[in-house]
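Structure first, then comments.
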Amino acid sequence: MTSTDAPAAIAPAPPVLAEVVRSGFTEGHHRGSLVLLAADGSVERTLGDPDAPVFPRSSNKPMQAAAILRAGLELSGERLALAAASHSGEPFHLELVAKMLAEHGLSAADLRTPPDLPLDPVAAEPYLAAGNVRERITMNCSGKHAAMLAVCVRNGWDTASYLDPAHPLQLLVGQVVAEAAGEPVAAVGTDGCGAPLMAIGLTGLARAFRSFVLAEPGSAERRVADAMRAHPEYVAGTRRPDTWLMTEVPGTLSKMGAEAVQAVALADGRALAFKIDDGSVRALGPVLARALELLGVDAPVVSRIGRAPLLGGAVEVGEIRATF
């Protein structure tokens with residue numbers, strides 16, 4: 001750099017969304033971006049840069065499931081909820097994934113998910129105690145992959161390449177994501193499960209969830225939202241905040257994603273999306289609870305989701321708490 005060159009601009013750090021307080025001492029912070037939408041779809045509040053593209057990770061799953069329906073696969077009820085799931089690997093999840101595969105002449109060997117253990121540690125303990133090992137079907141995205149494979153069988157598409165970004169199904173997924181978000185896909189990457197991953201802004205993600213709950217009955221988007229809300233235990237698991245929220249606040253659509261992404265839409269169109277910049281899921285609950293409070297959600301489940309105690313010697317000595 002010469003003496004006449006101007007220094008490169010440094011982007012400001014995202015605002016603090018949560019702080020880590022131990023024994024009355026603030027020992028850390030979690031930064032990120034957030035957007036809240038009013039019932040009419042207007043932006044009510046922002047923190048950070050919610051229009052900057054992010055990978056929503058599994059928060060994109062409702063759009064992926066809608067693409068599968070648009071491609072012609074007949075799914076409903078628990079099966080459709082599982083197609084949009086990051087399931088916990090509980091026995092009822094794994095049993096239904098196996099059934100979905102068998103119904104279309106497929107098996108767990110056709111899955112391209114990486115072998116994994118149950119996502120829920122409580123479910124993982126008896127799974128391991130029984131002598132089981134990491135399997136493709138146990139990976140939390142296996143329901144989505146089973147549905148993707150099934151629609152390929154239905155349409156005569158190649159099943160071996162169903163995760164290729166140029167595959168007809170994945171091209172349709174990109175189209176559905178862009179339509180729902182109201183913005184073009186900014187980048188395409190590879191998710192942890194191996195599926196193509198479309199980047200959009202958090203505002204677009206909130207708009208997408210809002211569009212699903214307000215979609216016309218019978219549309220692919222509304223069918224996905226209705227199945228997820230009717231069977232939330234298949235979307236997540238029996239010990240997961242998405243399940244609690246969709247169970248206890250009627251009409252709510254909720255889906256978290258890896259790297260601390262969360263999107264929620266309420267029945268009347270209010271919506272939120274956020275991402276914690278460092279990807280720490282430990283701060284997700286407190287941030288989600290505060291965002292729900294700001295949207296006017298008054299329910300006991302909000303406090304339950306927001307509770308994130310810190311322990312010292314097995315005794316509660318602090319908490320992770322939202323700062324906005």
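The table below gives the values:
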quantity	calculated
Counted charge near Gln64, where neighbours are those whose Cβ lies closer than 14 Å (Asp, Glu -1; Lys, Arg +1)	+3
Eligible lysines near Lys61 by straight Cα distance, threshold 19 Å, same-chain separation 8 or greater	Lys144, Lys255, Lys275
Taking only Cα atoms of region 209-305, radius of gyration then Dmax in Å	12.7, 39
Under the Debye formula (equal points on every Cα, no solvent term), log10 I(q)/I(0) of region 180-222 at q = 0.19 Å⁻¹	-0.66
Dimensionless Rg ratio for region 135-218, taking C-alpha atoms and the 2.2 N^0.38 Å reference	1.17
Accessible area in square angstrom per residue, region 262-302, 1.4 angstrom probe	32
Additional length obtainable on full extension of the chain from Phe92 to Thr247, 0.36 nm per residue less Cα span	54.0 nm
Histogram of C-alpha separations across region 14-79, 10 Å bin width, %	16, 27, 28, 21, 7, 2
Volume of the Cα convex hull of region 266-322, divided per residue and given in Å³	91
Low-density loop positions, GluC sites (Glu not before Pro), region 1-108 - DSSP coil, at most 15 other Cβ in 10 Å	Glu74, Glu103
Region 268-324 and region 107-154: distance between their alpha carbon centers, rounded to Å	29
Cys with no candidate disulfide partner in the chain (beta-carbon separation under 4.7 Å rule)	Cys152
0 to 90° range, to nearest 10: angle between helix 284-294 axis and the chain longest Cα axis	70
Charge context of Leu117, other residues only, Cβ under 9 angstrom, K/R +1, D/E -1	-1
Net charge contributed by nearby residues that have their C-beta within less than 11 Å of Ala83 (K/R +1, D/E -1)	+3
Label selected from (1) 18.5; (2) 16.7; (3) 19.8, the criterion being mean projected area of the Cα convex hull in nm² as computed here	(3)
Square roots of 5 times each gyration tensor eigenvalue, C-alpha, region 78-123, largest first, Å	18, 13, 9
Label-reachable residues, region 219-244, where backbone N falls under 17 Å from a point 7 Å from Ala130's Cα toward its Cβ	238
Cα long-axis angle, helix 61-70 against the chain (0 to 90 degrees, to the nearest 10)	30
Heavy-atom accessible surface of region 55-195: percent carbon and sulfur, 1.4 Å	55
Scattering profile of region 87-233 at q = 0.15, 0.16 Å⁻¹ [log10 I(q)/I(0), Debye over alpha-carbon scatterers]	-0.90, -1.01
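The values are calculated or read from the model by the stated rules, or taken from the named source; none is laboratory data. Remember, it's a predicted structure, so these values are computed and weren't measured experimentally. Neighbour counts run over all protein chains shown; Cβ positions are idealised from the backbone, glycine included. When the accessible area is computed, the model is the full protein with side chains, heavy atoms only, and any ligands, DNA or RNA have been set aside. Shrake-Rupley method; radii C 1.70, N 1.55, O 1.52, S 1.80 Å.
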